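Enquirer: Could you have a look at this structure, given as structure tokens, before my questions?
The values are calculated or read from the model by the stated rules, or taken from the named source; none is laboratory data. Since the structure is predicted, the reported quantities are computational estimates derived from the model, not experimental observations. Please note: Cβ atoms are built from the backbone with ideal geometry, for glycine as well, and neighbour counts cover all protein chains shown.
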Amino acid sequence: MMRRMMMTGGVAMTLLATAAPAQLAAPPRASVAAATRLPATQALFDSYVRTGKMPGIVAALGMQGQPTVFVSAGRTGLEPNAPAAGPDTLWRVYSMTKPITAMAAMMLIEEGRLKLDQPLSDIYPAYARMRVLTDPDHSLETRPATRPITIRNLMTHTAGLGYSIVTKGPLLQDYERLGIVPFAANAQVEAKVRPTRPDSLQQFAERVATLPLIAEPGTKWSYSIGLDVLAAVVEKVSGMPFERFVQTRLFAPLKMTSSYWQVPASAANRLATNYTFIGDQLVPLDPAAGSVFRQPPSFPYGGAGLVMSARDYDRFLQMLQNGGEVDGVRVMKAETVKLAMSNLLPSGVTYGSVSGTTGGSAGEVPTGFGAGGSVTLADTPGGPGKGTYGWGGAAGTIAFVDPSRHMRGTVMVNYFPADRYPLRRDLAAALYQDLGAPRR
């Protein structure tokens, strides 16, 4: 069910068959400062809103050692009285949760409490007896796995685990039957999924161990629930609830005050509505007022669970760009960050790319994979440089750190499917045009 919703919008169409498309509100005026400093980027955002592609959009863009520049256009919803979209608007970042989970695990590796190539079965013995499907798309016939799943495999989607948004055949039915759907869409879908979903991260990890793999660990890149299992690992190894570990070790020291697994009532007025499309018409899928993200999740989804502001995600990226610290507060060693943002794929494995509907990178240039995000292996003329690390979200969000060009970027929108428009490509062209133009 979750796969059909994200990949085709089918569930959304069923839920919204009687919904009336709204008229796009007049967009707020653009920031004069942003329009002056990044004119091509501001013009792009204004055009996207003006032509009705999205109600609102916000970007946080930063050169190393310089203040963040926020570029925004439009509103948080289609309603005429919806607030203007801005740096502190809250957005569903979905898979942009994955790099945060991965960095939490890298902290434990830095401390010697985990090892990158440590077998997962050291932490959960049930994973010592994994089996591999012989025909994943059509059968549940299996053979014994001959290689262990490692922490590296979880971080890089090479563990052989499936994902309800990409898995096919009878294995998908088993994932849905056992509630291995660590993802929230809206209140209607959640009511159907929650009764079968595990109640905790630990129960989730143990239940995943009962399911067969789609490939031998360490032999194939396939988008997966690896980062959700990794969240359970962080929780168990640290002896601290995963959400508390992330809050204590990342969010609090980095002053990320608008990052939530559940949006509190005090911040609800900043939450954007998530949309889908019926034809060319935007239709609310998860309205802000009754959003599923205002409810407590079954457990904190390490692969797709966070709601965040552009300002907060920029603080996270700034930490990576600065080698582990922001404003004099260090949360990771520089060498740990460098390792996390390098190509960590097992020997012989190449990045297979992923559909843009998931929010991931399509792999237009030679690409590897690091801790929870892709890593470019070559320069893009007029675009990201070699070593650019980042990932996106299923509702259109984008995040990257480009070490060679000394810049970072976060883009926040909320609509399914993420690749409805070529925002990723258009943004790169506009942003690097701005950066290459003479300064006023």
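Enquirer: Could you check, for the stretch 43-61, whether at least one of its residues is touching a helix residue (DSSP H, G or I) at 6+ places or on another chain (Cβ under 6 Å) and over 20 Å from N269 (Cα atoms)? Break it down into steps so the answer makes sense when it comes.
Expert: First pass over the stretch 43-61, keeping only residues touching a helix residue (DSSP H, G or I) at 6+ places or on another chain (Cβ under 6 Å): 44, 54, 57-58, 60.
Retained after the next criterion (residues that are over 20 Å from N269 (Cα atoms)): 44, 60.
Looking through the stretch 43-61, at least one residue is touching a helix residue (DSSP H, G or I) at 6+ places or on another chain (Cβ under 6 Å) and over 20 Å from N269 (Cα atoms).
For (1) at pLDDT 95 or above; (2) surrounded by 24 or more Cβ atoms within 10 Å (Cβ to Cβ); (3) β-branched (V, I, T), each residue gets a yes or a no:
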{"position": "V307", "(1), (2), (3)": "yes, yes, yes"}
{"position": "A310", "(1), (2), (3)": "yes, yes, no"}
{"position": "N322", "(1), (2), (3)": "yes, no, no"}
{"position": "T336", "(1), (2), (3)": "yes, no, yes"}
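Enquirer: In the stretch 126-175, which residues are in a strand (DSSP E or B) and in contact (Cβ under 8 Å) with a residue 24 or more places away in the chain?
Expert: Restricting attention to the stretch 126-175, the residues satisfying the condition of being in a strand (DSSP E or B) are 131-133, 142-144, 150.
Within the stretch 126-175, R131, V132, L133, T142, T150 meet the criteria.
So that you can scan it fast, the table gives a plain yes or no per residue for (1) without any contact (Cβ under 8 Å) to a residue 24 or more places away in the chain; (2) more than 20 Å from the chain's Cα centre (by Cα); (3) closer than 14 Å to P284 by Cα; (4) surrounded by 19 or more Cβ atoms within 10 Å (Cβ to Cβ):
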site: T51; (1), (2), (3), (4): yes, yes, no, no
site: A60; (1), (2), (3), (4): no, no, no, yes
site: M63; (1), (2), (3), (4): no, yes, no, no
site: Q66; (1), (2), (3), (4): yes, yes, no, no
site: S72; (1), (2), (3), (4): no, yes, no, yes
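Enquirer: Next up: State whether one or more residues within the stretch 211-234 are among the β-branched types (V, I, T), without any contact (Cβ under 8 Å) to a residue 12 or more places away in the chain and assigned to a helix (DSSP H, G or I).
Expert: Pass one, the stretch 211-234, residues among the β-branched types (V, I, T): 214, 219, 225, 229, 233-234.
Add one more test, that the residue is without any contact (Cβ under 8 Å) to a residue 12 or more places away in the chain, and what stays is none.
No, there is no match, as no residue in the stretch 211-234 is among the β-branched types (V, I, T), without any contact (Cβ under 8 Å) to a residue 12 or more places away in the chain and assigned to a helix (DSSP H, G or I).
Enquirer: State the number of residues belonging to the stretch 137-191 that are under 18 Å from the mean Cα position of the chain (by Cα) and of a type in the set (G, A, S).
Expert: Selection size over the stretch 137-191: 4.
Enquirer: Let me ask something additional. Output yes when any residue across the stretch 188-196 is surrounded by 21 or more Cβ atoms within 10 Å (Cβ to Cβ) and farther than 29 Å from L116 by Cα, and no when none is.
Expert: Looking only at the stretch 188-196, we keep the residues that are surrounded by 21 or more Cβ atoms within 10 Å (Cβ to Cβ), and these are 189.
So of that shortlist, the ones also farther than 29 Å from L116 by Cα come out as 189.
Yes, the conditions are met somewhere in the stretch 188-196.
Enquirer: If S72 passes every condition in (1) assigned to a strand (DSSP E or B); (2) polar (S, T, N, Q); (3) at pLDDT below 95 but one, which one does it miss?
Expert: (3)
Enquirer: Determine, yes or no, whether S266 is hydroxyl-bearing (S, T, Y) and touching a residue at least 24 places away in the same chain (Cβ under 8 Å). It would help to see each step written out before you state the result.
Expert: Working: hydroxyl-bearing (S, T, Y): yes; touching a residue at least 24 places away in the same chain (Cβ under 8 Å): no.
Spelling it out, it is not the case that S266 is hydroxyl-bearing (S, T, Y) and touching a residue at least 24 places away in the same chain (Cβ under 8 Å).
Enquirer: Still on this model: For the stretch 375-398, which positions are without any contact (Cβ under 8 Å) to a residue 24 or more places away in the chain, out of contact with any Ser or Thr (no Cβ under 8 Å at 6 or more places or on another chain) and either farther than 15 Å from Y432 by Cβ or crowded, with 24+ Cβ neighbours inside 10 Å (or both)? Steps first, answer last, please.
Expert: So the first thing to find is which residues in the stretch 375-398 are without any contact (Cβ under 8 Å) to a residue 24 or more places away in the chain, and the list is 376, 378, 381, 385-386, 388.
From the residues that got through so far, the ones that are out of contact with any Ser or Thr (no Cβ under 8 Å at 6 or more places or on another chain) too are 378, 381.
Passing the criteria: only A378.
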